[in-house]
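Worksheet: one structure, shown below.
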Amino acid sequence: MTWWCSATGEAWSWTWRAYPGVWLMVAVLAFGYWRLTRRPAGERAGPERTWLGWAGVLIIWLMLDWPVGTLGAGYLVSVHAAQFLILAFIAPPLLLLGIPAGRWALLARRLARGGPLAAVVRTVTHPVVAGVAFNLVVLVTHLPDVVDTLMTQQAGAFVVDLAWILVGILFWWPIVAPVPARRGGVPASILYLFLATVIHTALAMWLLLSRYPVYGVYELAPPIGGRSAMADQAMAGGIMELVGGGLIIGAIAVLFFRWAAMEERRS
């Protein structure tokens, strides 16, 4: 039974394919997010923040289901790179931004009481831990042996996709989430964003400058539109470098200008 997008070695066809595993995961995510974003009694918030989160859920569905999920799993490494950026850099901050302020306040009160759960949350969301975990997962899930092994199996492809989403939430937590409060302010956040994407930049340059295809699963995939494996790989490196770098620079710019505006108001 085909339940998740993976490399099959079959010739590409625009015939629609069903992936019930993707639908089930998105349904569970949507239900959990609906429960999470229900506003506590008496708490009012603009609907636009909640819809940011629902946009994140929709984006995850589009990236995992046919045709994007199928193309990225076993045909085009450029689509695979775009999936990574969107699942790790775009959808997670939208999910976090859509959480109502009342939910963050509730989490802050629970953390203030202490206990094992509070210790775990404070530890895993610490910028150093989050940054190291993000770089480690990004590196491992882009190693040739790992990609060629996991992307040919439905369970393996599922693990890669899920890892990108989870580590993306962890990566953006110190920037987007107001809980727990961190010292350092905006300058520390900017430094964090810069340092936490070093591996991502190195991988992009590796794909751009490599003289040979690095992933067998995409090199041997049935060609689409006459594009060679090397041309597709170069496009993947360009997407990771230009688009990924643009997203991080954009986030840094937003943080900087907000910080500058706050400093101006204080002065």
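Bear in mind that the values in this text are calculations on the coordinates, not laboratory data. Keep in mind that what you see is a predicted model, and the values were worked out from it rather than measured. With ideal geometry, Cβ positions are generated from the backbone for all residues, glycine too; neighbour counts draw on all protein chains shown.
What angle do you read, to the nearest 10 degrees and between 0 and 90, between the alpha-carbon axis of helix 198-209 and the longest principal axis of the chain?
20
Can you tell me the 0 to 90 degree angle between the C-alpha axis of helix 101-112 and the longest principal axis of the chain, rounded to 10?
In the chain, helix 101-112 runs at an angle near 80 degrees to the longest axis.
Filter the trypsin sites (Lys or Arg not before Pro) in region 40-143 to those in DSSP coil with at most 15 other Cβ atoms within 10 Å of their Cβ, and list the result. Don't skip to the end; give the middle numbers.
Numbers: sites: Arg44, Arg49, Arg103, Arg109, Arg110, Arg113, Arg122; in loops: Arg44, Arg113.
Answer by residue number: Arg44, Arg113.
Treating only the Cβ of Lys, Arg, Asp and Glu as charged (+1, +1, -1, -1), what charge dipole size does the chain show about its Cα centre? Round to the nearest 20 debye. Walk me through the numbers before you get to the answer.
Values: 18 positive and 12 negative charges, 302 e Å.
With Lys and Arg at +1 and Asp and Glu at -1, about 1440 debye.
Please work out the Cα center distance from region 50-64 to region 214-241, rounded to the nearest Å.
Cα centroid to Cα centroid, the span is 27 Å.
Find how much the distance from Trp34 to Thr2 grows on full extension, using 0.36 nm per residue of separation minus their present alpha carbon separation; answer in nm with one decimal.
On the way: separation 32, 0.36 × 32 = 11.52 nm, distance 2.80 nm.
My answer for the length gained is 8.7 nm.
How far is it, in nm, from the label point at Ala11 to the one at Ala260 when both lie 7 Å from their Cα along the line to the Cβ?
Going by the 7 Å Cα→Cβ label model, 5.6 nm.
Pairwise over distinct Cα atoms, reciprocal of the mean inverse distance: report the Kirkwood radius of region 85-241 in Å, one decimal place.
Numbers: mean 1/r = 0.0572 Å⁻¹.
About 17.5 Å, per the Kirkwood formula over Cα pairs.
What is the distance, in nm, between label points placed 7 Å from the Cα along the Cα-to-Cβ direction at Leu52 and at Leu162?
According to this spin-label approximation, the distance is 2.8 nm.
Put +1 on the Cβ of every Lys and Arg and -1 on every Asp and Glu Cβ in the chain; which of Val138, Gly185, Ser267 then has its Cα farthest towards the positive end of the dipole?
Going by the Cα projections, it comes out as Ser267.
May I ask you to sort Trp14, Trp61, Trp34 by Cβ crowding, counting other Cβ atoms within 10 Å and putting the fewest first?
Values: Trp14 7, Trp61 19, Trp34 13.
Fewest to most other Cβ atoms nearby, the residues stand as Trp14, Trp34, Trp61.
Quick one: length gained pulling Arg211 to Ala108 fully straight, 0.36 nm per residue minus the C-alpha distance?
Values: separation 103, 0.36 × 103 = 37.08 nm, distance 5.07 nm.
Gain in length upon complete extension: 32.0 nm.
If you stretched the chain out fully between Val129 and Ala181, how much longer would it get, using 0.36 nm times the residue separation minus the C-alpha to C-alpha distance? Numbers along the way, then the final one.
Working: separation 52, 0.36 × 52 = 18.72 nm, distance 1.55 nm.
Once the chain is fully extended between Val129 and Ala181, it gains 17.2 nm.
Return Phe256, Phe31 ranked ascending by Cβ neighbour count within 10 Å, so the fewest neighbours appear first. Intermediate values should be presented prior to the final figure.
Values: Phe256 14, Phe31 10.
Ordered from fewest to most neighbouring Cβ atoms within 10 Å, Phe256, Phe31 come out as Phe31, Phe256.
Neighbour counts of other C-beta atoms within 10 Å: give me Arg227, Arg183 arranged from fewest to most. Display every interim value, and only then the final one.
Numbers: Arg227 12, Arg183 5.
Ordered from fewest to most neighbouring Cβ atoms within 10 Å, Arg227, Arg183 come out as Arg183, Arg227.
How far, in degrees from 0 to 90, does helix 20-37 lean away from the longest principal axis of the Cα atoms of the chain, to the nearest 10?
Rounded to the nearest ten degrees, it is 10.
From the gyration tensor of the Cα coordinates in region 1-104, what semi-axes in whole Å does the equivalent ellipsoid have, largest first, with each one equal to sqrt(5λ)?
Working: eigenvalues 208, 40, 15 Å².
After diagonalising the Cα gyration tensor, the semi-axes are 32, 14, 9 Å.
Give me the one-decimal nm value for the distance between modelled label points at Glu219 and Ala101, 7 Å along each residue's Cα-to-Cβ direction.
The modelled label-to-label distance comes out at 5.5 nm.
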